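The structure appears below as structure tokens.
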Amino acid sequence: MKKGRFVSIEGIEGAGKTTILKTLHERLQTLGIDCVLTREPGGTPVAEAIRRVLLDHYEESMSVDTELLLMFAGRAQNIAHVILPALARGQWVLSDRFTDASFAYQGGGRGISTTHIHELANWVQGSLRPDITILLDVPAAVGLARVTSRGAKDRIETEGVAFFERVRQTYLQLAKQHWERFRVVRSDRELSAVQQEALAILQSLVKKIK
């Protein structure tokens with residue numbers, strides 16, 4: 001059986017992840033490669049319910065620890081019911097975010113110790129890592145302007161520029177630490193240029209299995 005590949009797309013709000021995921025998915029379909037799309041938080045009925053808890057607005061504030069634990073609860077469902085079964089079948093998995101998002105958002109953004117995040121990651125996913133992570137990098141102000149133009153914001157999208165700039169800088173630090181896996185693509189450019197660079201990255205991974 002052909003080995004499946006795991007590709008994650010990361011970036012702050014407004015970076016263009018949804019569009020690039022669609023572009024990559026269409027290319028894999030054109031190449032005849034069976035592919036599963038998923039997202040975090042979310043990906044399964046239970047994980048989507050957790051997503052709603054995470055993103056809805058409440059009079060009660062959500063503690064940063066609650067946010068982190070919910071993220072990993074949804075991730076555990078996604079891994080068990082979507083990601084691992086797909087990879088075992090030889091399918092490719094395209095994921096809108098994975099564990100790097102917890103280091104960026106709950107670590108860099110919220111200030112939670114990376115020791116706690118590493119412990120949860122080791123427990124929930126073990127040795128599972130994306131084969132390639134495409135980081136769509138955009139200045140926080142640009143990303144937030146795009147989000148604002150879309151309409152109503154979810155709970156996390158209501159954070160300010162300073163929060164998202166911390167998240168962005170943490171993503172860039174992760175890209176340097178894990179250079180063998182990360183590919184950074186500037187997404188504050190014309191969409192066609194971003195798409196072409198992302199497709200070239202995908203093609204390099206396709207070539208490795210031929």
- Query: Of all chymotrypsin sites (Phe, Trp or Tyr not before Pro) in the stretch 110-210, which ones are in loop regions per DSSP and have a Cβ with at most 16 other Cβ atoms within 10 Å?
  - Reply: Trp179
- Paramagnetic reach from Val206 in the stretch 10-36 [backbone N under 13 Å; point 7 Å along Cα→Cβ]: 23-35
- Query: Gain in length, Ala152 to Trp123, computed as 0.36 nm per residue apart minus the alpha-carbon separation, to one decimal in nm?
  - Reply: 6.9 nm
- Message: Counting other beta carbons within 10 Å of each residue's own, what order do Ser127, Ser95 fall into, fewest first?
- Response: Ser127, Ser95
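One-quarter of the Cα convex hull surface for the stretch 85-201, in nm²? Mind dumping the intermediate values first?
Numbers: hull surface 34.5 nm².
Here the figure is 8.6 nm², rounded to one decimal.
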- Item | Relative compactness, the stretch 70-149, computed as alpha-carbon Rg over 2.2 N^0.38 Å | 1.24
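So what is the orientation-averaged projected area of the stretch 130-191, using the convex hull of its C-alpha atoms, in nm²?
It is 4.9 nm².
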- Message: Run the numbers for Glu48 and Gln29: contour at 0.36 nm per residue of separation, minus the present Cα-Cα distance, in nm.
- Response: 4.3 nm
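Please give the length that would be gained between Val142 and Lys3 if that part of the chain were fully extended, namely 0.36 nm times their separation in residues minus their C-alpha to C-alpha distance (nm, one decimal).
Details: separation 139, 0.36 × 139 = 50.04 nm, distance 3.79 nm.
Full extension from Val142 to Lys3 adds 46.2 nm.
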- Roughly how many debye, to the nearest 20, is the charge dipole of the stretch 63-201 about its Cα centre, given +1 on each Lys and Arg Cβ, -1 on each Asp and Glu Cβ, and no other charges? 120 debye
- Task: Below 13 Å Cα-Cα, how many Lys pairs turn up in the chain? Only count pairs eight or more apart in sequence, or on different chains, if you could.
- Result: 4
- Förster radius 41 Å - calculated FRET efficiency between Arg186 and Tyr58, Cβ distance, rounded to 0.05: 0.70
- Query: Rounded to the nearest 500, what is the chain's calculated 222 nm mean residue ellipticity when only DSSP H runs of at least 4 contribute -39500 (n - 2.57) each, over all residues?
  - Reply: -16000 deg cm²/dmol
- Message: Explain nothing, just the number: relative contact order of the chain, from Cα pairs under 8 Å at least 6 residues apart, as a whole percent.
- Response: 32 percent
- With +1 at each Lys and Arg Cβ and -1 at each Asp and Glu Cβ, the charge dipole magnitude of the stretch 1-121 around its Cα centre, to the nearest 20 debye, comes out at 720 debye
- Query: Going through the stretch 19-65, which GluC sites (Glu not before Pro) have at most 12 other Cβ atoms within 10 Å and a DSSP loop state?
  - Reply: Glu59, Glu60
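We did not get these values from a lab; they are worked out from the coordinates using the rules stated. These numbers were taken from a predicted model, which means no experiment stands behind them. As a convention, Cβ positions derive from the backbone with ideal geometry for all residues, glycine included, and neighbour counts pool all protein chains shown.
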